[in-house]
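Colleague: Please read through the structure below; I'll follow up with questions.
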Amino acid sequence: MRKLQLSLALLLCSPIWAQVPTLVVTHVTVIVPSETSSRADTTVLIAKDKIVEVGPSAKIKVPRGIRVVDGSGKFLIPALWDMHVHTENAERDFPMFIANGVLGVRNMAGVAKDVFRWRKETASGEMLGPQIVAAGPLIDGPEPAHPEHAIPVRNAAGGKRAVQSLKAMGSDFVKVYDGVPRDAYFAIAEESKKVGLPFVGHIPGSIRVVEASNAGQHSLEHGAYLAGGSTYEDEAIKQETSGPDVMEEAKQTGNFSLIPEDIAKKGNALLDHLSHERLAELYRTFVKNGTYLTPTLVVQRARVFVDQISKQPDSRRRYMTTSEQEAWKPENDMFSKYRTPTYIAYQRREYTETLNGIKLAQELGVQLLAGTDVVAPYTYPGFSLHDELSLLVEAGLTPLEALRTATVNPAQFFGFKNVGAIAPGMRANLVLLDANPLLSIANTKRISAVIMRGTLYRRKQLDDFLNRSAQIASSQTH
């Protein structure tokens, strides 16, 4: 009897038993973003939360008694990643991510006790939500812009301590912000390497773009970092670090339009001296150093064209609370209410040059990451990732290249071996589409079903998720 029990225990623990399929997608066209061609009439076998077999439908025998999804006329892609989010309302946001096929997010700063709890609960299955890679609090200067989730530092010693504290609390990476002093920045870079944490984020005003890349900053957030391609960069840094304090002057005079005017003046000077050769050399340095760019075009576009966007009907606003919608309006949002004509013109000029920069970066081999900065004004969890992909195509990427920014590139960025592709051994996080995204990137929005960790969610269930998010938003007043 003991021998029989031992044999049964070994059988239950064997790889063969563990890989008994639980779900199969048949006759589907599989799109693997790392490849240049798709695979028609393919069958994908899934066992629990792993893909166990992928091959021609004619050659794969489908076991009896398992759930079958007929993928005829449909297209299967790896689940998407949003590589720049700020979640504050997980109960509402997570279903929106899932319904949009966004099953992985990089949380770029938040209150540690909340973000790390969500990371743990989604990983264990206690909470339904995307895979989370999280910074926890960011590191900023002595007077942080977001004190509720920031570690303020004044010098190199403070920078080192901040990194050590992030390591101790379980952060997945270090995010630096605008106000970090120069000596602290390089101390953060050095200490991050020592403790084994990647460091990412903004570039403080005292740091040249190429210095950030050479220091090992793994990703740069927002835009194309055109300043690094301008011969005016050093002068701009000098003005930023030793010029008059425009913020303080605005506070004292009550004339807050001084701030956008100053931004426009410095920004136009940088663009006036933009050198294509210098920018190309910067991007080649990014490639050499493995520096990624997260442009977040969707949030930049929303700020540039806020007057038009705010007036356009958008059914997605039902997912946002009344207070959020009010705060987004140009007359209320701090980025918009004090604008001047000069600043508005500068914003449009910068956006056009950013699109040109992103195209050049892609052509030169810079690795791009799709990110949205949700929930910045007029961005929506899950939905805006698809908008970002469309804007990357508008900038000059092909649909396949854009798809890579939300699948293959995130996997490479993190060093993950089990996401970003459709192959045996990969996590069963997949999106079933009704149309080919390689013909039009807008087809990533045409979601028939989502498979998350081997569990199938059909369109009706996804719509139920969205309706639940809308109900949560309508019941909240904060």
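Colleague: Report, in debye and to the nearest 20, how large the dipole of the stretch 81-414 comes out about its Cα centre when Lys and Arg carry +1 and Asp and Glu carry -1 on their Cβ.
Modeller: Once rounded to the nearest 20, the dipole reads 560 debye.
Colleague: Where does the charge balance sit around Ile132 when Lys and Arg score +1, Asp and Glu -1, over other residues with C-beta under 12 Å from its C-beta?
Modeller: -1
Colleague: Now, a different point. Need one number: nm distance between label points at Lys59 and Gln325, each 7 Å from Cα along Cα→Cβ, rounded to one decimal.
Modeller: Here the modelled spin labels are 5.4 nm apart.
Colleague: Net charge within 15 Å of Lys329 by Cβ-Cβ distance, Lys/Arg positive one each and Asp/Glu negative one each, not counting Lys329 itself?
Modeller: So the environment of Lys329 carries a net charge of -1.
Colleague: Using θ = phi - 60° and the Karplus form 6.51 cos²θ - 1.76 cosθ + 1.60, what ³J(HN,Hα) does each residue of the stretch 108-117 get, whole Hz, x for Gly and Pro?
Modeller: 8, 2, x, 5, 3, 4, 7, 4, 6, 5
Colleague: Here is a follow-up. Hey, can you rank 465-476, 92-103, 297-308 by average C-beta count inside 10 Å, highest first?
Modeller: My ranking of the peptides, most packed first, is 92-103, 297-308, 465-476.
Colleague: As a test of the formula, what do you get for the chain when each DSSP H run with n ≥ 4 contributes -39,500 (n - 2.57) and the sum is divided by the residue count, at 222 nm and rounded to the nearest 500 deg cm²/dmol?
Modeller: -13000 deg cm²/dmol
Colleague: Leaving out same-chain residues fewer than 8 places away, which aspartates and glutamates sit with a Cα under 12 Å from that of Lys359?
Modeller: Glu394, Glu401
Colleague: What residues qualify as long-range amide H neighbours of Phe335, i.e. H under 5 Å apart, gap of 5 or more or another chain, H built at 1.01 Å from N?
Modeller: So Phe335 has HN proximity to no qualifying residue.
Colleague: Then there's this: Which whole-Hz couplings ³J(HN,Hα) result when phi for each residue of the stretch 149-160 is put into the Karplus expression 6.51 cos²θ - 1.76 cosθ + 1.60, θ = phi - 60°, listed in order with x for Gly and Pro?
Modeller: 9, 9, 9, x, 10, 10, 7, 4, 4, x, x, 4
Colleague: Give me the number: length gained by fully extending Phe305 to Glu143, i.e. 0.36 nm times residue separation minus the C-alpha to C-alpha distance, one decimal in nm.
Modeller: Here the segment from Phe305 to Glu143 would lengthen by 55.3 nm.
Colleague: Now for a separate question. Rounded if a/c is under 1.5, else prolate if a/b beats b/c, else oblate: with a ≥ b ≥ c from the C-alpha gyration tensor eigenvalues square-rooted, which is the stretch 217-326?
Modeller: oblate
Colleague: Helix 383-395 against the longest principal axis of the chain: what's the angle in degrees, Cα atoms only, rounded to the nearest 10?
Modeller: Around 70 degrees separate the two axes.
Colleague: Taking 0.36 nm per residue of sequence separation and subtracting the Cα-Cα distance, how much length would be gained by fully extending the chain between Asn467 and Arg39, in nm to one decimal?
Modeller: Gain in length upon complete extension: 150.6 nm.
Colleague: Same structure, new question: For a test of the definition: using alpha carbon positions, the gyration tensor, and the 1.5 limit on a/c, classify the stretch 350-478 as rounded, prolate or oblate.
Modeller: It comes out oblate by the Cα gyration axes.
Colleague: Additional query: Add +1 for every Lys or Arg and -1 for every Asp or Glu among the other residues with Cβ under 13 Å from the Cβ of Arg446, and state the total.
Modeller: Taking every other residue near Arg446 into account, the sum is +2.
Colleague: Quick query: amide H of Tyr292 versus all other amide H atoms, modeled in the peptide plane; which residues come in under 5 Å with a sequence gap of 5 or more or a different chain?
Modeller: Ser219, Leu220
Colleague: Let me ask something else. Tell me whether the stretch 81-414 comes out rounded, prolate or oblate; compute the Cα gyration tensor, take square roots of the eigenvalues as a ≥ b ≥ c, and use a/c under 1.5 as the rounded threshold.
Modeller: It is rounded, given that a/c, with a ≥ b ≥ c, falls under 1.5.
Colleague: Nearest 10 degrees, 0 to 90: what angle lies between the long axis of helix 2-13 and the longest principal axis of the chain (Cα atoms)?
Modeller: Relative to the chain, helix 2-13 is tipped by roughly 40 degrees.
Readers should treat all values here as calculations from the given coordinates under stated rules, not as data from a laboratory. What you are looking at is a predicted structure, and each value in this text was computed from that prediction instead of being measured. Ideal geometry is used to build each Cβ from the backbone, glycine not excepted, and the neighbour counts take in all protein chains shown.
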